[in-house]
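*Asks:* Just dropping this structure here.
The values are calculated or read from the model by the stated rules, or taken from the named source; none is laboratory data. This is a predicted model, so every value here is computed, not measured. Cβ placement follows ideal geometry from the backbone for every residue including glycine, while neighbour counts extend to all protein chains displayed.
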Amino acid sequence: MSGDMKVQDLPLAGVRVIDASHVFAVPYATGLLADLGAEVIKIQAHTRMDVMAGHGPFPENIPGERAWDRVGSLNTVNRGKLGLSLDLTKPEAIEIFRRLVRVSDVLAESFTPRVMKKLGLDYAALRDIRPELIMLSNTGYGHSGPWREYGSVATSLEATSGMCWLSGYEDGPPSKIGQSYTDFLACWNAVYALLLSLHRRRRTGRGQWIDLSMYQTGAATLGPVIMDYFANGKVAGRMGNRNPDMAPHNVYRCAGEDRWIAIAVDSDEAWRALIEAMRRPAWAGDTRLADARGRIQYSGLVDEHLSAWTAGQHAEALATRLQNAGIMAGVVENGRDLLHDEQLRVRNFLEAVRHPPEAGIGERRYIGRPWKLSGAALAITRPAPQLGEHNREVLTKLLGYSDAEVDAMKKSQVIGNEIVTANKVQPLHLEGMRRNHRIGQPDSDYRKA
Amino acid sequence: MAAGSDGPLEGLKVLDLGHQIAGPYCARLLADQGAEVIKIERPVTGDVSRAMAPFAGGEPHPEKSLTFLYLNYNKRSLTLDLKSEAGRKILLELAHDADVLVENFEPRVMASLGLDFKTLSAVNPKLVVTSISNFGQTGPRRDWRANDLIDYAVSGVMSISGYAQREPVKHGYFQAGYVGGLAGSIPTMAAVLVQGATGRGQHVDVAISEALTSTLLLTVPYYTYMGETQTRRAPVGEAFGNCARARDGWVVAHSPRSGEWGDFCDVVGAPELKDPKFATARGKIANAAELDELLGAALARHERFALFEEANRKKILFGVVQTPEDLANCAQLAERHFFHEIDHPAAGRLRYPGQTFDASESGFAISRRPPLLGEHTDEILSELGHSRQDIERLRELRVV
């Protein structure tokens, strides 16, 4: 963490954001706003756990007594925020929320459309008490249309938005790829929409409500594919790792356990460079492979030749060698590789953050941001808050409640620091996951990475 | 939703030096919100995406590439040979009056054209220059060549995608470019806010592969919290939470809250799954093979949209695997006015996907059809004060 960074120099210095959301998309969006210098207050719940909490991961796979504070994914997205826990079923909590809105610039939430209305916290109600408010509502399908009340998570939206149909092996079924992909599309769209609205507010003095549909964020990345259906009646299928204009264009197994190199040849020149790098094997005279059209037609044969050559080679060294010869190549990095990656280290992409001693988490590295500004040193400004960590600070200093009032709120459980009703959270079933190939072999040195 | 004249970025002048997907998408996102975007294309061939399939009508044609058309509406097109001194001079004239410049060349290219940030900044200190590249403007991989396959490989996303016994596989379609363009819009807007407050420009450095790595919200902490490396899954436990066969296509059956497990079993019509051993995430892993058999058989009895709608009405989280055809015909998207019809002199009347969000007072609008190559060259050069003779001379010299 860069402790000496001046928050007042950051692009969003002086902007206050309320994060009333859960799981990944909007929490991540507001976490990125915090990195840009906004003061972000996370509304937490001490009445139930975030749905992702049970999925961990927990430090050393120990959920502990306060599992909700120890979830690696949530601690990534909630970095840089203050934590205020409210039981929004209580009218006192709604009043606190409304007071907070009066002194805030942005509210970002991810409830289904009827929830905020039921709580009296929809845009129409909040605009009356804070006309300049910028409010973002993120839902699976948007606040209008026949699917508006459908709940959703990225797992269902990857399918519905068309991504699964196009992903997977060219000879296999549609498939999920990566994890929760649509959450990140929604996250980035949310940040963009909020920054636009702040820009507009600085020009016009006016706030607005943003109705973000995760479904549309996914479909928007498939524009030409959908247009191909409109224009030509064509339904695109899966291509796996292949490319319609290039071959070779695939991954090839190297020496070691699950080590692979990706190679993409985009010109005949690059192809000849590859043949040279392979020291002109006997099959190099095969004229069918001399141009892209032939290599694409015989891509299976090309892949066989390359696989035979990469097998037994060191993936990292080979990638560097091919890049030096002007050929697109790269190692298929895994989670462990990322934490040891020199490029990411030089760019400080996986930032070290120290948690307070009472959290029992120590120092861990977290995903930073995929962008840098020459005019501001962006960094994670503080670790994710523990449940209700800043209740007193926010309520007294920002909202003007007295200490006695805060004590009373605590007694009546309007606010809280622990989830009383929670079932004890189990550690992850690592051996079962290992059996099902969800994880590989453990690494005992990981705290040093 | 208001018209484009009320866009939040009204008055923002943007130069789009992008090509292919990432740069043009970033610039289009700005254009969609009212920014005035000039797309700068190389003479004769234009943006390389003009040669990318698919094409309206199927046959290759530089004005009919659906990728180009989709990524470049709301922009004007100026052809300019940036390798010529006259072309470079015109670019600097444009930069003098611009607020933002977006480019996605390999990092060494702008400097080799004599257009590095320092030079641009000297011409216009308030200019925001957004550079989108595969690995960023610094570090040992800076000058590595890459496309979406390489970005996906290096990002880590492929290591967990696909089956354990097969090769890693990337996301379908050219997602890396869209991710890069979308990620690029964020620091660009942050820099525009700083520009508005201080009058200072800056250089924005966006790395596509890092944006992809940012999606590994479990893979990274699995390692940093537990020393565990996520891998590609065995094809077991697929019926729940991955694509599974319905009678007429595919669905994703999913419900993360174990309390709803009984409801889930009712919706899919599989009472035999009500055994509590299947109710928890832990139990589903431990009994994955049996779950696949029972749930797989149950899902295969249903029609996919009937199941999707019934499950969602019962508050079960459920997805349906939609094809491009399904998306094109989706009532939800139609009711959200997601598709926009645009007439184009070469490609004809086509339907285009549009906005990802609606805003109550301002926002997305299509005010211009995608430009023909160099369509606005004369208009833009006249705006810069070049005379008709001047423009003719530049055309003869093939600068424009």
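*Asks:* Only residues that are modelled with pLDDT of 95 or more and either surrounded by fewer than 24 Cβ atoms within 10 Å (Cβ to Cβ) or among the small types (Gly, Ala, Ser) (or both): list them for segment A:176-191, please.
*Replies:* Once the filter is applied, which keeps residues that are modelled with pLDDT of 95 or more and either surrounded by fewer than 24 Cβ atoms within 10 Å (Cβ to Cβ) or among the small types (Gly, Ala, Ser) (or both), segment A:176-191 yields A:186, A:190.
*Asks:* I need the full set of residues from segment A:126-140 which are in a loop (DSSP other than H, G, I, E, B) and closer than 20 Å to residue B:362 by Cα, in order please.
*Replies:* Start the filter on segment A:126-140 by keeping residues that are in a loop (DSSP other than H, G, I, E, B), which leaves A:130-133, A:140.
Listed by number, the residues that qualify are A:130, A:131, A:132, A:133.
*Asks:* Let me ask something else about it. So which residues in segment A:50-70 are crowded, with 21+ Cβ neighbours inside 10 Å and closer than 18 Å to residue A:416 by Cβ?
*Replies:* Passing the criteria: A:53, A:67, A:68, A:69, A:70.
*Asks:* Could you say whether any residue in segment A:92-107 is under 21 Å from the mean Cα position of the chain (by Cα), in the same structural domain as residue A:176 (by TED's automatic domain parsing) and crowded, with 19+ Cβ neighbours inside 10 Å?
*Replies:* yes
*Asks:* Follow-up question, since we're still on this one. Going residue by residue through segment A:432-441, is there one that turns out to be among the basic types (Lys, Arg) and under 21 Å from the mean Cα position of the chain (by Cα)? Can you show your working first?
*Replies:* Pass one, segment A:432-441, residues among the basic types (Lys, Arg): A:434-435, A:438.
Checking which are under 21 Å from the mean Cα position of the chain (by Cα) leaves us with A:438.
Yes, segment A:432-441 has at least one match.
*Asks:* So, residue B:187, is that one touching a residue at least 60 places away in the same chain (Cβ under 8 Å), within 7 Å of chain A (Cβ to nearest Cβ) and touching a Phe, Trp or Tyr at 6+ places or on another chain (Cβ under 9 Å) or not? Before you say what the answer is, go through the steps one by one.
*Replies:* Details: touching a residue at least 60 places away in the same chain (Cβ under 8 Å): no; within 7 Å of chain A (Cβ to nearest Cβ): yes; touching a Phe, Trp or Tyr at 6+ places or on another chain (Cβ under 9 Å): yes.
In short, no.
*Asks:* Starting from segment A:252-271, take each residue that is touching a residue at least 60 places away in the same chain (Cβ under 8 Å) and within 12 Å of chain B (Cβ to nearest Cβ) and list its partners that are among the charged types (D, E, K, R) and outside any loop (DSSP other than H, G, I, E, B), counting only C-beta distances under 6 angstrom and pairs at least six apart or across chains.
*Replies:* Partner pairs satisfying both residue conditions: A:260/A:253.
*Asks:* How many residues, within segment B:192-210, are at the interface with chain A (Cβ under 7 Å from one of its Cβ atoms), within 15 Å of residue A:370 (Cβ to Cβ) and among the hydrophobic types (A, V, I, L, M, F, W, C)?
*Replies:* Number of matching residues: 3.
*Asks:* Among (1) assigned to a helix (DSSP H, G or I); (2) over 17 Å from the mean Cα position of the chain (by Cα); (3) within 7 Å of chain A (Cβ to nearest Cβ), which single condition is residue B:182 missing?
*Replies:* Failing condition for residue B:182: (2).
*Asks:* Kindly evaluate residue B:398 against the criterion of being at pLDDT below 95 and part of a loop (DSSP other than H, G, I, E, B).
*Replies:* When the stated conditions are applied, residue B:398 passes them.
*Asks:* Take segment B:267-289 and flag every residue that is crowded, with 17+ Cβ neighbours inside 10 Å and among the charged types (D, E, K, R).
*Replies:* Listed by number, the residues that qualify are B:282, B:284.
*Asks:* I would also like to ask the following. How about segment A:340-379: which strands (runs of 3 or more DSSP E) wholly inside it have at least 2 residues that are more than 14 Å from residue B:138 (Cβ to Cβ) and within 7 Å of chain B (Cβ to nearest Cβ)?
*Replies:* Of the strands (runs of 3 or more DSSP E) lying wholly inside segment A:340-379, those with at least 2 residues that are more than 14 Å from residue B:138 (Cβ to Cβ) and within 7 Å of chain B (Cβ to nearest Cβ) span A:363-367.
*Asks:* Of the conditions (1) within 14 Å of chain B (Cβ to nearest Cβ); (2) touching a residue at least 40 places away in the same chain (Cβ under 8 Å), residue A:115 fails just one. Which one is it?
*Replies:* Of the numbered conditions (1) within 14 Å of chain B (Cβ to nearest Cβ); (2) touching a residue at least 40 places away in the same chain (Cβ under 8 Å), the odd one out for residue A:115 is (2).
*Asks:* Still on this structure, please answer the following. Got a number for residues in segment A:245-265 being surrounded by 17 or more Cβ atoms within 10 Å (Cβ to Cβ) and in contact with a His (Cβ under 9 Å, 6 or more places away or on another chain)?
*Replies:* 7
*Asks:* Would you please name the residue that is farthest from residue A:339 (Cα to Cα), looking only at residues in segment B:235-269 that are at the interface with chain A (Cβ under 7 Å from one of its Cβ atoms) and more than 30 Å from the chain's Cα centre (by Cα)?
*Replies:* Once the filter is applied, the top-ranked residue is B:257.
*Asks:* Taking the condition of being under 12 Å from the mean Cα position of the chain (by Cα) and at the interface with chain B (Cβ under 7 Å from one of its Cβ atoms), how many residues in segment A:154-179 meet it?
*Replies:* Applying the first criterion (under 12 Å from the mean Cα position of the chain (by Cα)) to segment A:154-179 yields A:154, A:178-179.
Still in the running and at the interface with chain B (Cβ under 7 Å from one of its Cβ atoms): A:178-179.
Qualifying residue count for the region: 2.
*Asks:* Sticking with this structure for a sec: Do we have any residue at all in segment B:357-373 that's among the basic types (Lys, Arg) and assigned by TED's automatic domain parsing to the domain that holds residue B:249?
*Replies:* Residues of segment B:357-373 that are among the basic types (Lys, Arg), as a first pass: B:368-369.
With the extra rule that they be assigned by TED's automatic domain parsing to the domain that holds residue B:249, the set shrinks to none.
No, segment B:357-373 has no match at all.
*Asks:* Look at segment A:203-225 and say how many of its residues are β-branched (Val, Ile, Thr) and touching an Asp or Glu at 6+ places or on another chain (Cβ under 9 Å).
*Replies:* Result for segment A:203-225: 2.
*Asks:* List every residue pair whose Cβ atoms sit under 6 Å apart, with the two residues 6 or more apart in sequence or on different chains, where the first one lies in segment B:381-399 and is of a type outside the set (Lys, Arg) and the second, anywhere, is part of a loop (DSSP other than H, G, I, E, B) and surrounded by 12 or more Cβ atoms within 10 Å (Cβ to Cβ).
*Replies:* B:394/B:400; B:399/B:81; B:399/B:84
*Asks:* Would you pick out the residues in segment B:163-179 that are of a type in the set (Gly, Ala, Ser) and either facing another protein chain (nearest Cβ under 7 Å) or surrounded by fewer than 24 Cβ atoms within 10 Å (Cβ to Cβ) (or both)? Reasoning before the result, please.
*Replies:* First, pick out the residues of segment B:163-179 that are of a type in the set (Gly, Ala, Ser): B:164, B:172, B:176-177.
Matches in segment B:163-179: B:164, B:172.
*Asks:* Say we look at segment B:86-108 and pick out the residues that are closer than 17 Å to residue B:189 by Cα and charged (D, E, K, R); which of these is farthest from the chain's Cα centre (by Cα)?
*Replies:* Of everything passing the filter in segment B:86-108, B:99 is farthest from the chain's Cα centre (by Cα).
*Asks:* Across segment B:318-353, which residue is farthest from the other protein chains (Cβ to nearest Cβ) among those that are more than 20 Å from residue A:145 (Cα to Cα) and out of contact with any strand residue (DSSP E or B) (no Cβ under 9 Å at 6 or more places or on another chain)?
*Replies:* B:345
*Asks:* Given the conditions (1) β-branched (Val, Ile, Thr); (2) at pLDDT 95 or above; (3) closer than 13 Å to residue A:271 by Cβ, and given that residue A:287 satisfies all but one, which numbered condition is not satisfied?
*Replies:* Only one criterion is unmet by residue A:287, namely (2).
*Asks:* May I ask you to list pairs of residues, at least six apart or on different chains, whose Cβ atoms are under 6 Å apart, with the first in segment B:322-344 being within 15 Å of residue A:162 (Cα to Cα) and the second being part of a helix (DSSP H, G or I) and among the β-branched types (Val, Ile, Thr)?
*Replies:* Once the first residue is within 15 Å of residue A:162 (Cα to Cα) and sits in segment B:322-344, its partners that are part of a helix (DSSP H, G or I) and among the β-branched types (Val, Ile, Thr) give B:322/A:160; B:324/A:225; B:324/A:226; B:327/A:226; B:328/A:226.
*Asks:* Residues that are more than 10 Å from chain B (Cβ to nearest Cβ) and of a type in the set (A, V, I, L, M): does segment A:381-391 have at least one?
*Replies:* Yes, some residue in segment A:381-391 is more than 10 Å from chain B (Cβ to nearest Cβ) and of a type in the set (A, V, I, L, M).
*Asks:* Pull up segment A:303-339, narrow it to residues that are more than 23 Å from residue B:144 (Cα to Cα) and either touching a residue at least 12 places away in the same chain (Cβ under 8 Å) or under 29 Å from the mean Cα position of the chain (by Cα) (or both), then point me to the one that is surrounded by the most Cβ atoms within 10 Å (Cβ to Cβ). Break it down stepwise before answering.
*Replies:* Just the residues of segment A:303-339 that are more than 23 Å from residue B:144 (Cα to Cα), to begin with: A:304-305, A:308, A:312.
Filter again for either touching a residue at least 12 places away in the same chain (Cβ under 8 Å) or under 29 Å from the mean Cα position of the chain (by Cα) (or both), leaving A:305, A:312.
Values: A:305: 19, A:312: 10.
By that ranking, first place goes to A:305.
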